[in-house]
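Derivation of every value follows stated rules applied to the coordinates shown; laboratory data play no part. Predicted, not measured: the structure shown is a model, and the values here were computed from it. Cβ atoms come from the backbone with ideal geometry, glycine included; neighbour counts cover every protein chain shown.
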Amino acid sequence: MSLANPPQNTASGRLMLIATIRAKPGKEEHVGELLKLAQKRANSDEEPGTSLFQLQFTYRVTRRIDAEGKHLPVFIVVEEYDGAAGLKDHMAAPPFQNLIKTSQELDLMDGEVLVDFLDGFVV
C-alpha cells in the first residue's frame, strides 16, 4: 500500500503503519541518519499528530538483524498517528520531505517502501 492513499478513518481514531525500507548496499548509514531526523521531529512537540508528550503515540525506527545480531540493510519504522491528519502533518514536515528528496537524489533505497496500515486497537 502507498503512503499517498492512507485510510481516512479507523475504529480507534488512531492510524498506525509499519514501513519497510530497504537501503542499497553501502548506503545504510545515510538512510539511518535521515530516519533519525524524521524520528526526532516526530517524537517532539513540533509535530502534534505524533507527539509522545501529548497522546503517547509511537514513532520508532528499527533495523532488521540476522541470527548473529548483525544489521541488515532493512529498516522497519513503526508509526502511530492521531488519524490521517497526523500522518499528513508528518509527511509535510521538513525531515520527511528531506528523506524523500535525498533518497531519490542519491538513489539510497533498494526498491519501493512497503507500507502496511493498521488500526491502533485499544483494549
Requested in this report: Return one number: the angle in degrees, 0 to 90 and rounded to the nearest 10, between the long axis of the Cα atoms of helix 94-105 and the longest principal axis of the Cα atoms of the chain.
Outcome: 30
**Report entry** Cα-based helix-to-principal-axis angle, 28-42 vs the chain, degrees rounded to 10
**Finding:** 20
Report task. Set the Förster radius R0 to 22 Å, insert the Cβ-Cβ distance between T102 and N5 as r into 1/(1 + (r/R0)^6), and round the FRET efficiency to 0.05. Result -> 0.40
Query - Relative contact order for the chain, counting Cα pairs under 8 Å that sit 6 or more residues apart, in percent - result: 43
**Report entry** Among A84, G111, H30 the positive-end extreme of the charge dipole of the chain (Cβ point charges)
**Finding:** H30
Query raised in the report: On full extension of the chain, what length is gained from E46 through R60, given 0.36 nm per residue of separation minus the C-alpha to C-alpha distance?
Result: 3.4 nm
Report summary line: note: the chain, Cα-Cα separations exceeding 20 Å make up a percent value of 42
Requested in this report: Within the chain, what's the longest run with no GluC sites (Glu not before Pro) in a DSSP loop and at most 11 other beta-carbon atoms within 10 Å? Give the range, please.
Outcome: 1-67
Report task. Relative to the longest principal axis of the C-alpha atoms of the chain, give the angle of the C-alpha long axis of helix 83-92, reported between 0 and 90° and rounded to the nearest 10°. Result -> 40
Query raised in the report: Say we join alpha carbon atoms closer than 10 Å with springs in a Gaussian network model of the chain; which of A38, A23, A93 then has the biggest fluctuation?
Result: A93
